[in-house]
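The next block holds one structure in the form of C-alpha cells; read it before the comments.
A short reminder: the numbers here are calculations on the coordinates, not readings from a lab. Keep in mind the model is a prediction, meaning the values are calculated, not measured. Here the Cβ is made from the backbone with ideal geometry for all residues, glycine too, and neighbour counts use every protein chain on show.
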C-alpha cells in the first residue's frame with residue numbers, strides 16, 4: 001500500500017524540518033510549503049491525503065487557507081489539522097469552525113501529532129467507504145477504486161479512472177480541455193491539451209464493450225461532458 005501523503009504548511013523551517021522528520025519516521029510521504037501560495041500550488045499539482053497548517057503564515061493566515069480549502073468543491077473533503085501556539089478555547093473554536101478536522105497546540109510531541117494524524121485519516125477513510133457513484137448501471141466505487149458495468153469490472157488506467165471519476169461527480173456540465181487538465185491532471189502539470197483527447201479516446205474504448213462510451217460526449221467548440229442523456 002502506498003504511503004499516505006502529508007503536506008506541511010509551515011513558514012518556520014526548523015519546525016517544518018522537525019515535523020517532516022517525525023512523519024517520515026512514522027511511514028508517511030511528506031511534502032512541504034512555506035506559505036499559502038506554495039501550499040495551493042502543491043495541492044493543485046497533487047492532492048495530499050492530509051494537510052497540516054500553521055495558523056500564522058506570511059501571506060495569509062492558516063485560518064483563511066483552511067476556509068478557502070473547505071469552500072472549494074474539489075478540496076472540501078481534504079482533511080486538515082491546524083498547528084498553532086494559540087491555546088485559548090476561543091482560538092480552538094475558531095480553528096474548528098473554519099473547517100479544520102483537528103487542532104494541535106504547540107509545543108506538541110511527535111507521538112501526539114502522529115496519533116492525531118492517524119485518527120483524522122481513519123475518520124476520513126470511514127467517511128469515504130460509501131463513496132459510490134452510479135449512472136444507469138455504471139458504478140464507480142471510490143473505496144475499492146473499481147468501476148463496474150453490471151457484473152463486469154471495467155479495466156481503466158489511472159488517468160482514465162480519474163477522468164471518469166471527475167466526470168461522474170460532475171454530470172451534465174461541459175468542461176473545456178484546459179479545465180480538465182487543471183482538474184484531473186493538476187494545475188502545475190504542463191502537458192498539451194491534445195493529451196485530453198488521447199485519454200478521452202482511451203476511456204471511451206474501455207467503456208465501449210459495455211455501451212457506456214456514449215456517456216462521454218463531445219460538445220463541439222466547447223469540450224466534453226458526462227451525460228446519460230442523448231441529445
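Of the Cα atoms belonging to the stretch 132-226, the radius of gyration and Dmax stand at 12.7, 38 Å. Between the Cα long axis of helix 36-45 and the first principal axis of the chain there is an angle of about 30°, rounded to the nearest 10. Our summary gives the stretch 132-226 a relative contact order of 27 percent, counting only alpha carbon pairs under 8 angstrom and 6 or more residues apart. When the Gaussian network model of the chain links Cα atoms closer than 10 Å, the mean-square fluctuations of 216, 43, 15 top out at 15. On full extension, the segment bounded by residue 213 and residue 47 gains 57.0 nm, given 0.36 nm per residue less the C-alpha separation.
The stretch between residue 220 and residue 76, if pulled fully straight at 0.36 nm per residue, gains 48.7 nm over its current Cα-Cα span. Along its three principal directions, the equivalent ellipsoid of the stretch 1-59 from the Cα gyration tensor extends over semi-axes of 18, 15, 7 Å, largest first.
Helix 158-169 and the long axis of the chain differ in direction by around 90°, with both axes built from C-alpha atoms. Pairwise Cα separations in the stretch 61-131 fall into 5 Å bins from 0 onward with the following percentages, short to long: 3, 16, 24, 24, 20, 9, 3, 0. Each label point was placed 7 Å from the Cα along the Cα-to-Cβ direction; for residue 170 and residue 56 their separation is 3.8 nm. Given axes a ≥ b ≥ c from the Cα gyration tensor, I'd like to know whether the stretch 5-127 is rounded (a/c under 1.5), prolate (a/b larger than b/c) or oblate. It is rounded, given that a/c, with a ≥ b ≥ c, falls under 1.5. A simple spin-label model places the labels of residue 192 and residue 25 4.9 nm from each other, with each point 7 Å out along Cα-to-Cβ. What does a probe at residue 114 reach in the stretch 12-34, counting residues whose amide N is under 18 Å from the point 7 Å along Cα→Cβ? Only 16-31 pass the distance filter.
For the pair the stretch 2-63 and the stretch 105-179, the centres of their Cα atoms are 21 angstrom apart.
Taking Cα atoms only, the orientation of helix 110-127 departs from the longest principal axis of the chain by about 30 degrees.
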